[in-house]
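Some notes on the structure that comes next.
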Amino acid sequence: MPNREYPGQAPSRLQFLLFSEVCLVCWLAGILAFREPAYGFLALVSVILLDQPRTRNASRLRLTAAVFVAGLAWAGLRAPAAPELPQWAAQASALREDARGELRPPHPIRLRAVVDSSAPLPGDRVRVVLSRLAPAASFPQTPSEDRAPGGIYTGKALWLWNRPAFIPLPGETLELTGRLLPLRGLHNPGLADYERRMREQGVRFSVRGGGKNIAVAGSAHGELRGPPAVSLDAPAVSLRLRLSMLREQARSLFYAALPRRAEEQERQEAAFPEGAGEPPATPGRVLTGAGLLPALIFGDRSLVSPRLADLFAAAALSHSLALSGMHLAFAVLAGAACARAAGRCFPSLYLRLPRPTLTLLSALPFALLYLWLGQAPVSLQRAACMLCAAALCSFLHRPRLLLDSLCAALFVLMLWDPFALFDLSLQLSAMCMACIALTLPGIMRLSETLFPGGNACGDLQAPSPLTRLKRGAFVLAANSLCIQVVLMPLTLRAFGNAGLLFPLNLLWLPLLQGLVLPLSFAALGALCLDFTTAGTALLRLASLPCEGLAALLEYLDGAGLMPAPLLPRPHGLSMAAFWLLCLCLPRLLISAAERRRQAGQSYAQSCSHGYARGYAQSCSQSCSQSSAHDYAQTYAQGCGQPGGHEPERNREAASVSGRAADCIQTSLNATRHERRKGLSRADIMLPACALACLVLPFVFLNRPAPGLTLSLLDVGQGQAVLLEWASLPGLSGRDADADSRSFSGTADASPRAPSGTGAATSRPVVKITEGSRRLSSGSAGRILVDGGGSHSEFFDPGRRIIAPLLTDNALPRLTAVVNSHPDADHIGGLPWIVRHFSVGRIFGNGQNPKGLLAARMQDALRAGGNSSMETLRAGDVYEPVEGLRIEVLHPSSGAAGNSNDLSLVLRLLWEGRPLALICGDAGSEVLQKLMREGADLTAQVLVLPHHGSKSAYAEGFYRAVNARAALVSCAFGNVWGFPARAVRDALRDLGTPLYSTAEHGMIRLHWFTPDTAPELSLMR
């Protein structure tokens, strides 16, 4: 890579960055420090260490620190402040108490708002961001009324519309009836903070409901259930709304022309006779591959089935569906075509503007068109800014460097919105472009070395077409490998997938850029020009590669050739160390090569005799003393051959050779000394520290403190309890150090065989004692009691919450999984866990789930090598490790009742001390029965039965438990009013504090010893 330092400046270790770009990196580190101070300062220190000796200059070091502080201050200034809350909004969003004192969601209110943005989602849904909210009766009609106190809310609200009748357009004014609630995310450690990200975008409320009686301002109908009836000729239509409507018309034409299944086409023709309009495109009617086309053109994934999205994620192809610079390549191709056509029509144009400059300038309108069609996601904004920077540099006759364009684009984006730095799509696309910029020159030189040119063309060697093809394939493969390696920590952290099938990019990306995208844009142009037949044919051709890819992915998955193992999510320190190592090692190699080249040049200059100069240059590469003497002897022999020099010249040649050998030896010694001198401590210590930081977090930071931890996960309106231990002090009958192992290293005593091997699964010994069963296994680890659940088919808490939480810097292993009862809010997340985790034992209450959950659970059990769940009954005792016991208090054998009343009631004990009572969804009759039978219910912590429902309230139960704290898992503003007023009053009378996941996020209690009080930590 060429040196980009200023003339006369000492070479830096970051020779591929100018000092201004180093300052930009420090500025970005300052923005990062606003949210993550530790990682921001770590990035600053890493830049300072890598950029020596420039940062040894005191003035530049101060400037670097000042830029870092400026980035920190800029993020603080641009952080959106909470807008003033009008009185009506405060009243409409507050939880209310009904006549019985139960907390209920607020009453629906008729709202009028302006659509800020809308995005179709899979499953016939649309995500709408609303701004300028106000009650419909008092919505300001003129701009002067916007300043009326308490009238309009200047913030934003999020509305998810299921089965929309139409797509709301940005700039449109809507009226809807829904509940206004403060936006609440699910708070769990180590996971993305959705609520904070929305607040950074100005969204602080959510609107629930509102799917009926939608009215659009400007419509002739008071209540509208179809597309908006606003005319483009209406004078009141704003420019933004005009552009949105044009885009929606283009999208509707595109959707209507998508190829559909033949049997569905006949049914649609019967249901929609001629003249009745085009039928809507749904995932069930559009071909599987054709559903990818709207995602590639408009960024609309509503027609991408969840199955196909999972296959793309497993094959590391999801990036191809996100609009970015790869899709913007069509703009450059279109610009090249326009430049060629203009050059043919006006040849003198090339005298004013070179062809590359004209190509880039011609590509800008097409880039802006794609930016408008794709609704300008931040990754596409980055690509458009890079294209503009490259066009400006070319117009000003400045060098067009990819890294310079990337830095300019990041600077512009961070000036506009510094919190875009935390957008995952921007992180992935920017790191991908940085990797290409830093590795592409070396890869291209390597490809020229491996595949030299073939056809002679005058004095130059022009590569043959076959050689060009080989070079292109090698560059694409090597570049894909480098990108995959560099992005691996981020993809593991975000998706838990290492992308082992990234070579499929070699097949898909050329088809995407060379065939699918051009045909799709050509079809869109034909449809907009009313050439429907041609547009439909082009879309069918464009969908063929997509159909082939979908079929290939299905085949690979069915044949078991698509490995997508669930891997640990790396710690932030490990991620930083990995990227630092990626920078250090190439820099070290480049520095060594540069020192070797400089030493060879100095040696060649030191050899004053002309006979030795040519050898000095070649010897500088081998640095061999013996080769110097061999060269001297060869030269002397050559001088003495017949027809050569005179005999008296032989003595002169021998003398010259001797002097050349001595000169070579002196230069070689100086070269070795220069190499040893060039390797500074930073060159050696920085990669070593990075390598240590890469491994040590996984070895040490995933080890919890000695003792026992109970965590009530925040899974919304469901329940999931995690029990984990590392070393239990004071274990009876054994050495405490024997069990001081990390739970991520040995999660169960008898791990099951890998799925698909057919090996038998060993189980702990089951002992029968006094008519009851005693289950025991002897390993430290983790136990998951229930897995949450959701009524939405698009949100799996096991996949989205529990699995990322359990694999955060830890292996996907569990000692046991216990399902209290098969209701959807307790078992819905377990199929994913059972399928992808190494689970020692799986317990249940003997009941099976219903509907689709039953099939999912059975498939997961078979994939995990289990036939069914083991049934627990009252009197069973499960000992995962000696000294730690889980007693089953309910249900007894032969018990009858509904699913809630048959829930497992578990009591956790450590060295005989009762720590926690987990009641599932047991009702009041079950609790009264346990008290009548004289069961010991005492515990330090009580997980409230049935989410704190009034149906699970039993007088005297809380006094019998005598807990120090009560925990409840429920969603904020749930319609059932959990926890009930009677439960809250009973706990308040006993002086027992109540902690809810709706208010505090994940709740964690840690016992260091059985006799000490637990330490409480809350996420909110």
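The values are calculated or read from the model by the stated rules, or taken from the named source; none is laboratory data. Please read these numbers as outputs of a predicted model, since none were measured by experiment. Cβ sites come from the backbone with ideal geometry, for glycine too, and all protein chains shown count toward neighbours. Accessible surface areas use protein heavy atoms only, side chains included; no ligands, DNA or RNA. Shrake-Rupley method; radii C 1.70, N 1.55, O 1.52, S 1.80 Å.
Some observations on this one:
- Pairs, first β-branched (Val, Ile, Thr) in segment 462-484, second open to solvent by less than 40 Å² (accessible area, probe 1.4 Å), C-beta under 6 Å, six or more apart: Val475/Ile443; Val475/Ser447; Ile483/Cys432; Ile483/Cys435
- Screening Pro37 with (1) open to solvent by 50 Å² or more (accessible area, probe 1.4 Å); (2) at pLDDT below 85; (3) of a type outside the set (Val, Ile, Thr) gives one miss only, at (2).
Each row is one residue, and each column tells you yes or no for (1) open to solvent by 20 Å² or more (accessible area, probe 1.4 Å); (2) at positive phi; (3) of a type in the set (Ser, Thr, Tyr); (4) modelled with pLDDT of 75 or more.
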{"position": "Ile167", "(1), (2), (3), (4)": "yes, no, no, yes"}
{"position": "Thr177", "(1), (2), (3), (4)": "yes, no, yes, yes"}
{"position": "Ala229", "(1), (2), (3), (4)": "yes, no, no, no"}
{"position": "Ala234", "(1), (2), (3), (4)": "yes, no, no, no"}
{"position": "Leu246", "(1), (2), (3), (4)": "yes, no, no, yes"}
{"position": "Gln249", "(1), (2), (3), (4)": "yes, no, no, yes"}
{"position": "Leu253", "(1), (2), (3), (4)": "yes, no, no, yes"}
{"position": "Glu269", "(1), (2), (3), (4)": "yes, no, no, no"}
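- Residue within segment 912-923 that is surrounded by fewer than 17 Cβ atoms within 10 Å (Cβ to Cβ) and more than 24 Å from Leu872 (Cα to Cα) present: no
- Just one of (1) open to solvent by 20 Å² or more (accessible area, probe 1.4 Å); (2) over 32 Å from the mean Cα position of the chain (by Cα); (3) modelled with pLDDT under 90; (4) under 28 Å from Leu371 (Cβ atoms) fails for Arg240. It is (2).
- Figure legend. Inter-residue proximity from segment 966-977: first residues free of Cβ contacts under 8 Å to residues at least 40 places away in the same chain, second residues hydrophobic (A, V, I, L, M, F, W, C) and outside any loop (DSSP other than H, G, I, E, B), beta-carbon distance below 6 Å, spacing 6+ or different chains. Indicated pairs: Ala966/Leu942; Ala966/Leu987; Ala966/Leu994.
- Candidate set: segment 372-392, residues that are open to solvent by 40 Å² or more (accessible area, probe 1.4 Å) and not in a loop (DSSP other than H, G, I, E, B); chosen: the one farthest from Ser320 (Cα to Cα): Leu392
- Close pairs (8 angstrom Cβ cut-off, 6 or more residues apart or separate chains): closer than 26 Å to Leu561 by Cα and without any contact (Cβ under 8 Å) to a residue 60 or more places away in the chain in segment 499-521, among the small types (Gly, Ala, Ser) and in a helix (DSSP H, G or I) anywhere: Pro503/Ala477; Pro503/Ser480; Leu506/Ala473; Leu506/Ala477; Leu506/Ser480
- Cβ pairs under 9 Å, 6+ apart, first in segment 324-344 and over 21 Å from Gln375 (Cα atoms) and without any contact (Cβ under 8 Å) to a residue 40 or more places away in the chain, second open to solvent by 30 Å² or more (accessible area, probe 1.4 Å) and outside any helix (DSSP H, G or I): Ala339/Leu353
- Among residues of segment 65-88, those that are of a type in the set (A, V, I, L, M, F, W, C), touching a strand residue (DSSP E or B) at 6+ places or on another chain (Cβ under 9 Å) and open to solvent by 50 Å² or more (accessible area, probe 1.4 Å), counted: 2
- Filter result (at pLDDT below 80 and over 20 Å from the mean Cα position of the chain (by Cα)) within segment 492-513: none
- Answer residue from segment 807-835, given it is part of a helix (DSSP H, G or I) and open to solvent by 10 Å² or more (accessible area, probe 1.4 Å) and is farthest from Leu191 (Cα to Cα) among those: Ala824
- Segment 957-1020 holds strands (runs of 3 or more DSSP E) entirely within its bounds, and those carrying 1 or more residues that are out of contact with any Asp or Glu (no Cβ under 9 Å at 6 or more places or on another chain), open to solvent by 50 Å² or more (accessible area, probe 1.4 Å) and farther than 25 Å from Leu183 by Cα map to 1015-1018.
- None of Leu585, Leu566, Leu580 is on the phi < 0 side of the Ramachandran plot, touching a residue at least 40 places away in the same chain (Cβ under 8 Å) and outside any helix (DSSP H, G or I) except Leu566.
- Segment 961-997, subset more than 15 Å from His946 (Cβ to Cβ) and small (Gly, Ala, Ser), residue modelled with the lowest pLDDT: Gly973
- Yes/no for Leu364 being closer than 26 Å to Ala119 by Cα, surrounded by fewer than 18 Cβ atoms within 10 Å (Cβ to Cβ) and touching a Cys at 6+ places or on another chain (Cβ under 7 Å): yes
- Among the numbered conditions (1) more than 24 Å from the chain's Cα centre (by Cα); (2) farther than 20 Å from Ala309 by Cα, the only one that Ala551 does not meet is (2).
- Of all residues in segment 90-114, those satisfying the criterion of being part of a loop (DSSP other than H, G, I, E, B) and free of Cβ contacts under 8 Å to residues at least 60 places away in the same chain are Ala94, Ala99.
- Subset of segment 784-806 [open to solvent by 20 Å² or more (accessible area, probe 1.4 Å) and assigned to a helix (DSSP H, G or I)]: Arg799, Arg800, Pro804, Leu805
- Out of Glu887, Glu882, one residue alone is under 42 Å from the mean Cα position of the chain (by Cα), under 30 Å from Ser727 (Cβ atoms), buried (at least 18 other Cβ atoms within 10 Å of the Cβ) and acidic (Asp, Glu). It is Glu887.
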